[in-house]
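The structure appears below as structure tokens.
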Amino acid sequence: MAKVTLEQWRMFQAVVEHGGFSQAAEAVHKSQSSINHAVHKLQESLGVALLEVRGRKAELTDAGRVLLNRAGGLLEEAEALESVAESLAAGTEAQLRLAVDVLFDYEALLNAVERFAAEYPHTRLELRETVLSGAEELLLQQEVDFILTARVPQGFVGEPVSRVKFVPVAHPDHPLHQLGRPVNREDLKASRQIVMRDSALKNRQDAGWLGSDQRITVSNVHTSIELIERGLGFAWLPQTRIRDSLSADRLLPLRTEEPWERDVTVYLVYADRDRAGPAACLLLRALREGLPPIE
């Protein structure tokens, strides 16, 4: 059997969609004879009749209906492949790899990804959510193209993009809220603390842990929030991730003797800034535009 071509399938599809050879020729800007030839060669190669001409209209045979249905998916895939090739030829990245510390503003991240997906649908995006030194490790191991992190690796330059406030919080009914006075360090050390595990595999670090005898360690910020909302402990959490919990009174900031709210700067760090193409630039611009300016 002679090989069939995508062009032959396209001509066959055009004849069916537009109701005849002359209509298809006008729609795809080809001569009627070339349309006739393409469909004839397709039927000849397949060894099956695809169309029946009734009067001035070409209608599908049963076999033609089955094959057209399969060909539709093939042609869509071919068009998508050509679109990807055009993007790549224009210098658009095939894939972007971004590591984001969990303290980063989640809403700003999702909005930026939504905009990126609309403008660069053929660029694959891999998001890695990290804790503490996890993003730094991925960058040093060349597993990501850029990171959003509070820790700039040695030898790299970090561009400040946002500031995140960490707030000590507990459930409104937690004993720490019932003391009738500001809590001190000893009060906190005697209470259960929910701690985020460093996502790095090597050189893990703790941040904000007071050495409490009671401790629950988790690897996901959502788990930490859920545990605290159930009254199982306290923690310092990024305000960007607990807005809803605070407004709904599921969490309440602790009144402390010391000013233990702390601000953390989030930096954008490139593995190689010169390799950032148009898709990366759009994603990072969307991220910056979705964040309040650093004061």
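Values as computed for the structure displayed
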read-out: Pairs, first under 14 Å from Q95 (Cα atoms) and open to solvent by less than 10 Å² (accessible area, probe 1.4 Å) in region 124-153, second of a type in the set (G, A, S) and outside any helix (DSSP H, G or I), C-beta under 8 Å, six or more apart; value: V144/A99; V144/A271; F146/A99; F146/A271; F146/A276
read-out: Cβ pairs under 6 Å, 6+ apart, first in region 90-117 and without any contact (Cβ under 8 Å) to a residue 60 or more places away in the chain, second acidic (D, E) and not in a strand (DSSP E or B); value: R97/D145
read-out: Failed condition for A170, given (1) over 18 Å from T265 (Cα atoms); (2) open to solvent by 70 Å² or more (accessible area, probe 1.4 Å); value: (2)
read-out: Number of the condition not met by H18 [criteria: (1) without any contact (Cβ under 8 Å) to a residue 12 or more places away in the chain; (2) loosely packed, with under 12 Cβ neighbours inside 10 Å]; value: (2)
read-out: Set A150, A89, A108, A117: member being out of contact with any strand residue (DSSP E or B) (no Cβ under 7 Å at 6 or more places or on another chain) and more than 16 Å from R285 (Cα to Cα); value: A89
read-out: Some residue of region 2-17 being in a loop (DSSP other than H, G, I, E, B) and aromatic (F, W, Y); value: no
read-out: Only listed residue being within 30 Å of F146 (Cα to Cα) and open to solvent by 30 Å² or more (accessible area, probe 1.4 Å), chosen from R65, R97, R54; value: R97
read-out: Yes/no for K57 being among the basic types (K, R) and at pLDDT below 85; value: yes
read-out: Single match in F146, F116, F166 (criterion: aromatic (F, W, Y) and modelled with pLDDT under 90); value: F166
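Per-residue answers, yes or no, for (1) among the small types (G, A, S); (2) more than 30 Å from P278 (Cβ to Cβ); (3) touching a residue at least 60 places away in the same chain (Cβ under 8 Å):
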position	(1), (2), (3)
K3	no, yes, no
A27	yes, yes, no
I35	no, yes, no
L46	no, yes, no
V53	no, yes, no
A71	yes, yes, yes
L74	no, no, yes
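The values are calculated or read from the model by the stated rules, or taken from the named source; none is laboratory data. As the structure is a computational prediction, the values presented were derived from the model and not from experiment. FYI the Cβ positions are ideal-geometry reconstructions off the backbone, even for glycines, and counts take in every protein chain you see. We work out accessible area using only protein heavy atoms, side chains counted, and drop any ligands, DNA or RNA first. Shrake-Rupley method; radii C 1.70, N 1.55, O 1.52, S 1.80 Å.
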